[in-house]
Amino acid sequence: MQDIRVGILTIRQKWEKMLGLPSFDKKEDDYKDLSRSVTMDEAAAESVCFMIHGNILPTPKLVKAIQMLKDGEFIAAKNGNGIVYRFTKNEIIEKHKIKVGQAVTIKEEIKSIQFPFDIFQLNDWAIRQDFALLTKKRKSQPISKTNKVTKASQVFLEKGAKMENCIINAFTGPVYIGKNAEIMDGSIIRGPFAMGEKACLKMGAKVYGATTVGPYCVAGGEIKNSVLFGYSNKAHDGYLGDSVIGEWCNLGAGTTNSNIKNNASEVKIWTPKGQMNVGIKCGVMMGDYSRTAINTSINTGTVIGVSCNVFGSGLTPKYIPNFSWGSEGVKRYELEKALLDIEDWKHLKGMTLSDDERSVLKFIFDKF
């Protein structure tokens, strides 16, 4: 959860920047125990630690409350559930258990990611929070006069960012362009909007807030209220709205999703526990390493799993399981073939498939 991107930064990056501390993953004796995982004993060997639920989004008030905690104290949400714990080696009583003392309850509403659709529903709020955090007491790179910009004070370009002959409306929300990112000619953007490092928005793109194009992504066509995690592509024409696209995904040319039912009724999406109502608008939730063929038509409120190759005529099914090959009479993607294809996609951006990724993918293939 902590590596989910919402706003400009991932949840992990938000906490690291706001607390000024490095982060690790807690070992849970399961498939998530990877190279960054540590035990509580290891984490607290020489210093104070904060154990934070990975789906909690930080705010200045919450961070201030955390910094005032004493050893053994924890912060509880309004429902009484603990969300942040401060401990040292003296509070560890078992491998996965610490001794806790006083609970500190804060009145502020706790923002958290419970379901994938929370990501795009919270993205407007999160972009504004991250924009304030990243730009505080800093000056934007100059904005070229070839651009037409409304409320330039809410547009921030990092070093190396390129933007020429574009229309930017930041009156509706801030616009953040990351290091060495590029917005090509003719793009039209309404904030809030964020681009990560070395991302690219192609010529003539139309982007409505609140949208995030993560680092090393390529985006184009029409996008509205969507989050693309890092290294993914929606490079061509087609509509993407009220959606979340994982890392290393690729939407083929002309791929379009529906984000509202033709009778304007409540959208229901698949979850492991059954159908769930998510509101009037919901597009597609796509897992990491998945891809669509050209001209794919994605149904309203569709869930696509990890490492799927989606193709077929007509609207997609509302749920496409992990490692699916096709969308009609779905077949299973062979694991080795899937890993080879992922490796090829990663090579396009100068990356390779890590051992940690292989381990997680194999677990998902075997268990889900």
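For the pairs K14/K151; K99/K367; K261/K318; K273/K367, note any where the Cα-Cα span goes beyond 22 Å. The answer is K14/K151; K99/K367.
Counting only DSSP H runs of at least 4 residues, each contributing -39500 (n - 2.57), and dividing by the residue count of the chain, the helix-based mean residue ellipticity at 222 nm comes to -5000 deg cm²/dmol. Please work out whether the stretch 257-301 counts as rounded, prolate or oblate from its C-alpha gyration tensor, where a ≥ b ≥ c are the square roots of the eigenvalues and a/c under 1.5 means rounded, while otherwise a/b larger than b/c means prolate and anything else oblate? Since a/c reaches 1.5 but b/c is at least a/b, the shape of the stretch 257-301 is classed as oblate.
Judged by the ratio a/c of the largest to the smallest principal axis of the C-alpha gyration tensor, the stretch 141-250 counts as prolate, that ratio being 1.5 or greater while a/b is larger than b/c.
Most simply put, the chain has about 25% antiparallel DSSP beta bridges, counting only bridges with both residues inside it.
Loop-located trypsin sites (Lys or Arg not before Pro) in the stretch 69-109 (DSSP state not H, G, I, E or B) with no more than 16 neighbouring Cβ atoms inside 10 Å: K70, K78, K95, K99, K107. Could you tell me whether the stretch 30-173 comes out rounded, prolate or oblate from its Cα gyration tensor? Rule is a ≥ b ≥ c as square roots of the eigenvalues, rounded for a/c under 1.5, then prolate if a/b exceeds b/c, otherwise oblate. It is prolate, given that a/c is not under 1.5 and a/b is the larger ratio.
Restricting the chymotrypsin sites (Phe, Trp or Tyr not before Pro) of the stretch 118-198 to loop positions (DSSP other than H, G, I, E, B) with no more than 11 neighbouring Cβ atoms within 10 Å leaves F171. Relative to the Cα centre, the charge distribution of the chain, modelled as +1 at Lys and Arg Cβ and -1 at Asp and Glu Cβ, gives a dipole magnitude of about 1300 debye.
We did not get these values from a lab; they are worked out from the coordinates using the rules stated. Just so we're clear, the structure is a prediction, and the values are computed from it rather than from any experiment. Methodologically, a virtual Cβ is constructed for each residue, glycine included, from the backbone with ideal geometry; neighbour enumeration extends over all protein chains shown.
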